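*Asks:* Have a look at this one before I ask anything.
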Amino acid sequence: MASLAEIEELNEDAAKKELARLSEVLAQANTAYHGADAPDLSDAEYDALKKRNIAIEARFPHLKRTDSPTDQVGAAPSEGFSKVEHAVAMLSLANGFDAEDIADFDGRVRRYLGIPEETQLDYTAEPKIDGLSLSLRFENGKLVQAATRGDGSIGENVTANARTIGDIPTQIAEAPEVLEVRGEVYMSHPDFEALNARQTETGGKVFANPRNAAAGSLRQLDASITRARPLRFFAYAWGALSEPLATTQMEAIERLAEMGFATNPLTRTCAGPSELVAHYDVIEAQRATLGYDIDGVVYKVNDLTLQERLGFRSTTPRWAIAHKFPAELAWTRLEAIDIQVGRTGALSPVARLHPVTVGGVVVSNATLHNEDYIAGRDNKGGDIRGGKDIRVGDWVQVYRAGDVIPKVADVDLSKRPDDAQPYAFPTRCPECDSDALREPGDAVRRCSGGLICPAQAVEKLKHFVSRAAFDIEGLGAKQVEQFYGDKWIKEPADIFTLKEHFGTGMKQLKNREGWGEKSANNLFDAIDEKRKISLSRLIFSLGIRHVGEAASNLIALHYGTWDAFDAAMQAAQDQEGAAWQDLIDIDGVGAVMAGSLVHTLAQPAERASIDRLITQLDVQPVARPDTQGSPVAGRIVVFTGTLEKMTRAEAKARAERLGAKVSGSVSAKTDILVAGPGAGSKAKKAADLGIETLDEDGWLTLISDA
Ligand code: IVH
């Protein structure tokens, strides 16, 4: 590559050619930048090319291209960032919507910890900032890494960009050796308005709301763009720490403020739910004048020892909740109702609306849930909306709550056109013409076509490659649709034979618009990389009805390996017997989910498709965290009688964190019985079977070093 000094030597013709080349190379780096582990260009090379482009343009301003890379805003693909594995997962928050939800939250916390009503329990309350979360890692007081949340365990490395944000110190005087500060990147209202005005003037991308603007500005491959954007940051939490920050949430936040972080001035401690809700009202009253977007108030247990004891559910902490502000509303015309067929065959009616702004976002599609909802009935035959049905042409109310898909909430009958007809919900699948059936008690009408229905097959594939599932770089929903349309991929297993299939015929892919040799090879590499897959991701990716991400985790944790899981599902097929009982005994797995699992895995077509997939994969057994050196890892523990130092739920969660399996009944397989006062038949059975029995103190001593 020519050095910057050589630019002085360039003649006009050569400069023009070079600008054309740079524009192409940089555009390619932006769009076809698949396979982050073997990127076309390193970040440094990318930056150098961009600088070179700027320097040539500075010398020959009249040669600047209309598609100049200097002006490319928001074109940075996520593939351009390297990945960062979070030392401590970045989780989300459970939501509450009214005072009752908050009282329930307090009740749950107290029950879990065994704290009676009479004992005061403090919480903090602070605004929930509507931005994007960022984790900042400091080592010996120096900012060494900044990462976005990503999927919660792996985020994007945006260190260079974070360094440009004024509210983020890059050097802290007195800090623990390792300190991960977490908080929210956001953009203020005035800065957002000014940015959009500038963007309009320069023909750049105009952002829908401050959050999108903040996200688009932080996630720039070129940190000089981020620097030019007025981003701000509030610190409100932490990840890995080499020593505790404080003993309470409030003191920890104060410490972060002393270290030089911006913390939210509306943070308070509150003694219980009524004070929390009172502070919510105070914050809500100031919402419009704060100068930045907030979408609720976050409550956290103040005592950090109690936070530690409460721990986490699969994706949210037990010690915090977000009290969300009510949703935003608007009225508009319903122009059409379309039916979409989902991966489990569900026919979902979608409202096509005359575009309307709801809480700063333009909405033109909204969900209508199901046929009863359109008809004004609930699924038990009762009325909703006072029995008013919804018709094409109606004036409807659109409702939007944060990230939730907008929905049509109400209809204004006084504005109904005279010729509006009641909506006739289809009884055949609009995609494959199979019968669309409703099971008794099910609100949803489903296509009976199974895998022969192209819509179901494609949706299943899209789910399979989605972020929480196989997450294959370069193979997103769009590519899946394309490949399915070309009959290159009909089922998940085909993804893994794509390369063989094309072997020499790879030309076909290469000749496709948007695909070159490099990107095709990157895709094959990305696919190969995902052959090694965790059991929980695999279970989730199968797209079985009712089996979500959290449940897949629990199931994977329970069975440990694909073979054990698969054998158990086959053994539980009849929905009775020990294997079935063992499945529904998993905390968080109910009979409906269990039924869906065993039923789906026993369907011959589905079964064959999964078997073909498994031969392509290297399914990783569950790596059980934090159990190294744990004296109870892999052992089956039963708790009985009254526990005095912890509640049953807490004891169970802690044992599971240490790798033990907690069971409800004593059998020959039980390794340890922990018996508190009042233990009855279980203690006797354990004694008869010669099972090791401990009292609560004995148990605590056993696990104390773990
Ligand atoms: S605490 C373990 N506090 O809301 C969870 N989150 O809906 C720690 N957020 O992912 C999060 N303001 O991005 C917390 N004051 C606040 C917040 C806040 C905004 C975001 C955060 C989180 C999301 C969950």
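*Asks:* Looking at Lys142 and the list (1) at pLDDT 95 or above; (2) open to solvent by 20 Å² or more (accessible area, probe 1.4 Å); (3) within 30 Å of Leu310 (Cβ to Cβ), which single condition is not satisfied?
*Replies:* (3)
*Asks:* Note down all Cβ pairs under 6 Å where the first residue falls in the range 312-329 and is of a type outside the set (D, E, K, R), the second is open to solvent by 70 Å² or more (accessible area, probe 1.4 Å) and more than 13 Å from the ligand (Cβ to nearest atom), and they're at least six residues apart or on different chains.
*Replies:* Ala327/Tyr399; Leu329/Tyr399
*Asks:* Do we have any residue at all in the range 297-310 that's aliphatic (A, V, I, L, M), in contact with an Asp or Glu (Cβ under 6 Å, 6 or more places away or on another chain) and open to solvent by less than 30 Å² (accessible area, probe 1.4 Å)?
*Replies:* Quick first cut of the range 297-310, residues aliphatic (A, V, I, L, M) only: 297-298, 301, 304, 306, 310.
Then keep just the ones that are in contact with an Asp or Glu (Cβ under 6 Å, 6 or more places away or on another chain); that gives 298.
Then keep just the ones that are open to solvent by less than 30 Å² (accessible area, probe 1.4 Å); that gives 298.
Scanning the range 297-310 turns up at least one residue that is aliphatic (A, V, I, L, M), in contact with an Asp or Glu (Cβ under 6 Å, 6 or more places away or on another chain) and open to solvent by less than 30 Å² (accessible area, probe 1.4 Å).
*Asks:* Now for a separate question. Exactly one condition in (1) touching a residue at least 24 places away in the same chain (Cβ under 8 Å); (2) open to solvent by 20 Å² or more (accessible area, probe 1.4 Å) is not met by Arg198; state its number.
*Replies:* (1)
*Asks:* Separate question: When both residues are 6+ apart or on different chains and their Cβ atoms are under 9 Å apart, which pairs have a first residue that lies in the range 172-185 and is farther than 18 Å from Lys128 by Cβ, and a second that is at pLDDT below 95 and within 12 Å of the ligand (Cβ to nearest atom)?
*Replies:* If the second residue must be at pLDDT below 95 and within 12 Å of the ligand (Cβ to nearest atom), the pairs left are Glu180/His86; Glu180/Val88.
*Asks:* Separate question: Find the residue count for the range 480-496, including only residues that are open to solvent by 40 Å² or more (accessible area, probe 1.4 Å) and out of contact with any Leu (no Cβ under 7 Å at 6 or more places or on another chain).
*Replies:* 6
*Asks:* Still on this structure: Filter the range 93-139 for residues that are outside any helix (DSSP H, G or I), β-branched (Val, Ile, Thr) and crowded, with 19+ Cβ neighbours inside 10 Å and give the result. If you could, list the steps in order and put the result at the bottom.
*Replies:* Within the range 93-139, the subset outside any helix (DSSP H, G or I) is 93-98, 114-139.
In the following step, the residues that additionally are β-branched (Val, Ile, Thr) were identified as 115, 119, 124, 129.
Thr124, Ile129 - these are the residues of the range 93-139 that are outside any helix (DSSP H, G or I), β-branched (Val, Ile, Thr) and crowded, with 19+ Cβ neighbours inside 10 Å.
*Asks:* Out of curiosity, is Glu656 surrounded by 15 or more Cβ atoms within 10 Å (Cβ to Cβ), of a type in the set (D, E, K, R) and either at pLDDT 95 or above or over 25 Å from Gly342 (Cα atoms) (or both)?
*Replies:* For Glu656, the condition - surrounded by 15 or more Cβ atoms within 10 Å (Cβ to Cβ), of a type in the set (D, E, K, R) and either at pLDDT 95 or above or over 25 Å from Gly342 (Cα atoms) (or both) - is met.
*Asks:* Residues Val622, Val632: which one is assigned to a loop (DSSP other than H, G, I, E, B) and either acidic (Asp, Glu) or under 24 Å from Lys530 (Cα atoms) (or both)?
*Replies:* Exactly one of Val622, Val632 is assigned to a loop (DSSP other than H, G, I, E, B) and either acidic (Asp, Glu) or under 24 Å from Lys530 (Cα atoms) (or both), namely Val622.
*Asks:* Among the residues of the range 140-176, how many are within 16 Å of the ligand (Cβ to nearest atom) and either within 23 Å of Glu258 (Cα to Cα) or not in a strand (DSSP E or B) (or both)?
*Replies:* The total comes to 12.
*Asks:* Additional query: Quick one: in the range 249-275, which of the residues that are in contact with a Leu (Cβ under 7 Å, 6 or more places away or on another chain) and not in a helix (DSSP H, G or I) is surrounded by the fewest Cβ atoms within 10 Å (Cβ to Cβ)?
*Replies:* Gly272
*Asks:* Something else now. So if I check each of Asp372, Asp433, which one is within 35 Å of the chain's Cα centre (by Cα), within 21 Å of Val341 (Cβ to Cβ) and buried (at least 17 other Cβ atoms within 10 Å of the Cβ)?
*Replies:* Asp372
*Asks:* Among the residues of the range 222-248, which ones are away from the ligand (no atom under 16 Å from the Cβ) and open to solvent by 30 Å² or more (accessible area, probe 1.4 Å)?
*Replies:* Ser224, Arg227, Ala228, Pro230, Ser242, Glu243, Pro244, Thr247
*Asks:* Tally the residues that are within 17 Å of Leu218 (Cα to Cα) and either part of a helix (DSSP H, G or I) or modelled with pLDDT of 90 or more (or both), restricting the search to the range 195-208.
*Replies:* 3
*Asks:* So, in the range 311-320, how many residues would count as being within 8 Å of the ligand (Cβ to nearest atom) and either in contact with a Pro (Cβ under 9 Å, 6 or more places away or on another chain) or open to solvent by less than 10 Å² (accessible area, probe 1.4 Å) (or both)?
*Replies:* Matching residues across the range 311-320 total 2.
*Asks:* Is it the case that some residue within the range 321-329 is of a type in the set (Val, Ile, Thr) and either open to solvent by 10 Å² or more (accessible area, probe 1.4 Å) or away from the ligand (no atom under 16 Å from the Cβ) (or both)?
*Replies:* No - not one qualifying residue is present in the range 321-329.
*Asks:* Just need a number here: residues in the range 538-573 that are modelled with pLDDT under 95 and charged (D, E, K, R).
*Replies:* 2
*Asks:* Tell me which strands (runs of 3 or more DSSP E) are completely within the range 644-703 and hold 2 or more residues being touching an Asp or Glu at 6+ places or on another chain (Cβ under 9 Å), or say none if there are none. Break it down stepwise before answering.
*Replies:* Numbers: elements: 661-663, 672-675, 692-694.
Passing ranges, in order: 661-663, 672-675.
*Asks:* Checking Ala409 against (1) within 27 Å of the chain's Cα centre (by Cα); (2) in a loop (DSSP other than H, G, I, E, B), which single condition isn't satisfied?
*Replies:* (2)
*Asks:* Does Pro621 fit the bill of being within 32 Å of the chain's Cα centre (by Cα), at pLDDT 90 or above and open to solvent by 20 Å² or more (accessible area, probe 1.4 Å)?
*Replies:* Taking the combined requirement at face value, the residue satisfies it.
So that you can scan it fast, the table gives a plain yes or no per residue for (1) open to solvent by 20 Å² or more (accessible area, probe 1.4 Å); (2) touching a strand residue (DSSP E or B) at 6+ places or on another chain (Cβ under 6 Å); (3) hydroxyl-bearing (Ser, Thr, Tyr):
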| site | (1), (2), (3) |
| --- | --- |
| Ile339 | yes, yes, no |
| Arg352 | yes, yes, no |
| Asp378 | yes, no, no |
| Gly382 | yes, no, no |
| Asp389 | yes, no, no |
| Tyr399 | yes, yes, yes |
| Leu413 | yes, no, no |
| Arg416 | yes, no, no |
| Gln421 | yes, no, no |
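*Asks:* Take residues that are at pLDDT 85 or above and in contact with a Cys (Cβ under 8 Å, 6 or more places away or on another chain) and tell me which of the helices (runs of 4 or more DSSP H) falling wholly in the range 431-529 contain 3 or more.
*Replies:* 454-465
*Asks:* Looking at the structure I just gave you, is Val598 surrounded by 14 or more Cβ atoms within 10 Å (Cβ to Cβ), assigned to a helix (DSSP H, G or I) and aliphatic (A, V, I, L, M)?
*Replies:* Criteria met by Val598.
*Asks:* What pairs can you find where one residue is in the range 138-156 and more than 29 Å from Ser314 (Cα to Cα), the other is surrounded by 16 or more Cβ atoms within 10 Å (Cβ to Cβ) and among the aliphatic types (A, V, I, L, M), and their Cβ atoms are less than 7 Å apart, with a gap of 6+ or different chains?
*Replies:* Gly141/Ile172; Gly141/Ala175; Leu143/Leu136
The values are calculated or read from the model by the stated rules, or taken from the named source; none is laboratory data. Bear in mind that the values here come from a model prediction, so they are computed numbers and not experimental data. Reconstructed Cβ throughout: ideal geometry from the backbone, glycine too, with neighbour counts over all protein chains shown. Side chains are part of the model used for accessible areas, which takes the heavy atoms of the whole protein and leaves out ligands, DNA and RNA. Shrake-Rupley method; radii C 1.70, N 1.55, O 1.52, S 1.80 Å.
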